[in-house]
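Nothing in this text is a laboratory measurement; each read-out follows from the coordinates by a stated rule. Nothing here was measured: the structure is a model prediction, and the numbers come from that model. Here Cβ is always computed from backbone atoms with ideal geometry, including for glycine, and neighbour counts include all displayed protein chains.
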Amino acid sequence: MADAKDLERIIATDCGSTTTKAILIEKKPEGYRLITRGEAPTTVEAPYEDVTKGVLNSFREVEELTNVKILDGELIIKPKRDEHMGVDIYVSTSSAGGGLQMLVCGVVKTMTAESAARAALGAGAIVMEVIASNDGRMPHERVELIRRLRPDMILLAGGVDGGTIKHVVELAELIRAADPKPRFGTGYKLPVIYAGNKDAREEIERILGDKVALFIVDNIRPVLERENLGPARHKIHNLFMEHVMQHAPGYRKLMTWTDHPIMPTPGAVGLLVEKVAKNENIDVLGVDIGGATTDVFSVFSGIFNRTVSANLGMSYSVSNVLVSAGVENILRWVPFTIDEYDLKNRIRNKMIRPTTIPQTLEELIIEQAIAREALRLAFEHHKTMAVGLKGVQQERTISEAFAQTLSGTTLVDMMSLAIIIGSGGTLSHAPRRVQSALMILDAFQPEGVTMLAVDSIFMMPHLGVLSEVHESAATEVFDRDCLIRLGSSISPVGLDKDGKKCIDLTLIKEDGSKIEKEINFGELLRIPLSVGEKAKAIIEPSKNFDVGAGKGKKLEADVEGGVVGIVVDCRGRPLTIPTDPKERVEKLSSWIRSLDVYPIELYEKLLK
């Protein structure tokens, strides 16, 4: 592989479950830039059963769009030879074949089992099931479950170093009795990672050594007060490559093409979110809403968490969103009168024809209403997983004792959050960027001052894996071509009567000009401020509201514009929508008009 500083042309792919997406990056005088993107159907299933076919087809589209020759037959031309031939490096991520599917086993459900689940999720896995000694199942039920699931690998954890080994040994015996078989391939043993009490290692090896491919790493919970997820996460990554990918159709060939190990798609996105948070020293929230799942990534106080809501998506799982949220919760985001049964039937039709996209404004609004609930539910799930360590007695100062700061409480602090990054078709490809901004505001309800952004064409996975090889190239492209800044949101926390003064806002632009506004409770306001333009915001909330400095206290903050501008959200936190259908339509319509969310003539026609 060429030295990182000499890389002039980079090609990267993400092999998704339905589409393989390729991007071409080149070094320009101003730094690394995205040149183009090509895509092709993924070919991991019959009749092709060879993932490289889809990769080659995506390369050919890039060749046609750029007039750069990348392939010589089925060989990638490396290194770059001239302006019109070759690339210096090829990297890839993958979630084809259903991604990385894992079973997690731990001793105590809310402690070691939860830590193990966080390690697996952080490595980019879908956690199929969590088995714990205290999960209420009978031994034969656990054996049957392990046998039936056929995961790609198992993570076994439990016990602090020096503690009792009895329970984790019992879990190992259950795995042995189940004799589980891997999802892909028949001629190899299922990988099992042991990341528990180090005193139990000999016993675990005696029980499982001849039945599975056993790998032992450091304990994920060596003491109650500390998690050590890194070694287990790294081992999951390595085994994903060595075992799982080796047996997926065509991956062995693909692995000989890439200049860096293939990463699971969510693991790569998570890596990029982590690096953004670390490089800028900020709290970050990222979301990827797909057809079948919604992934949420966060870094709060330097701690990374990822959750997968495997039943919340916009096509294959759209009916699950209806069941989980309830028809009333979806209906509350629909700004026109619609019959409940009509709404349910439209959602069912989407599940039957999952690849269709909205053809009318009515369909688009309904789809975006469903997206709000999928995002909200996925975020609620994330908050339950992104928590401090449970089962720990923390030493507290007097002030903390009065504040009742218990371990096990969520790390998610919306007031400290600096940026929300939205990704996935519904957010990245909304016809108007202001629609993405409003979906993010409604679903996540940010507090104080927060930057809203979306991934322009879903290239976060590509940049995540590239950041392992050439971090500056990945961050430059992320900043210039991937991240579309919608603009800063200002969201006071508190409630009052509609029409009562909420905040006085003064924006002082870089040229010295001022914008002064008084915004009442219940209002949404959009103030133009273009991409890259910065301003100083002086926010004076009334006594019932807090924008980050305390109730009724003035805050001075730097804000940045974007394609939407500054959005002032004085609808209150928590956000409440009127339950009466007529009032709901009036309220939602006023917000839509004030932000210019949909083409106004079409929307007015819809209301008639």
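Data for the structure
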| quantity | calculated |
| --- | --- |
| Base-10 log of normalised Debye intensity for segment 224-357 (one unit scatterer per alpha-carbon) at q = 0.11, 0.17, 0.21 Å⁻¹ | -0.62, -1.04, -1.20 |
| Ratio of the Cα radius of gyration of segment 114-162 to 2.2 N^0.38 Å, where N counts its residues | 1.22 |
| Local electrostatic count at Leu507 - Lys and Arg +1, Asp and Glu -1, tallied over other residues with Cβ under 9 Å | +3 |
| Peptides ranked, highest mean first, by Cβ atoms within 10 Å: ranges 283-295, 429-441, 53-65 | 283-295, 429-441, 53-65 |
| Magnitude of the charge dipole, the chain, Cβ model with Lys/Arg +1 and Asp/Glu -1, debye to 20 | 840 debye |
| For segment 4-96, the fraction of alpha-carbon pairs in successive 10 Å shells from zero, as % | 18, 50, 26, 6, 0 |
| Rotationally averaged projected area of segment 99-256 (alpha carbon convex hull; nm²) | 8.6 nm² |
| Length-normalised contact order of segment 4-96 in % [C-alpha pairs under 8 Å, at least 6 apart] | 31 percent |
| Residue pairs, from the table Lys534/Lys582; Lys383/Lys534; Lys509/Lys543; Lys53/Lys78; Lys275/Lys587; Lys21/Lys509, whose Cα atoms sit over 29 Å apart | Lys534/Lys582; Lys383/Lys534; Lys275/Lys587; Lys21/Lys509 |
| Rel. contact order, % - alpha carbon contacts under 8 angstrom, at least six apart, segment 44-119 | 17 percent |
| Net charge, Asp288 excluded, C-beta distance under 9 Å - Lys, Arg +1, Asp, Glu -1 | -2 |
| Sorted by Cβ density within 10 Å, fewest first, the residues Val327, Val127 | Val327, Val127 |
| Segment 1-58 - Kirkwood radius from inverse mean 1/r over Cα pairs (Å) | 12.5 Å |
| Coil-residue trypsin sites (Lys or Arg not before Pro) of segment 77-141, DSSP, other Cβ within 10 Å capped at 12 | Arg81 |
| Relative contact order (%) - the chain, alpha-carbon pairs under 8 angstrom, separation at least six | 11 percent |
| Set of aspartates and glutamates near Lys605 by C-alpha distance (under 12 Å), chain-local residues within fewer than 8 positions excluded | Glu362 |
| Quotient of C-alpha Rg and 2.2 N^0.38 Å, computed over segment 556-608 | 1.42 |
| Label-point separation in nm, Ile77 to Lys554, each point 7 Å along Cα→Cβ | 6.4 nm |
| Cα gyration tensor shape of segment 520-608, rounded if a/c is under 1.5, else prolate or oblate by comparing a/b with b/c | oblate |
| Net charge contributed by nearby residues that have their C-beta within less than 13 Å of Leu427 (K/R +1, D/E -1) | -2 |
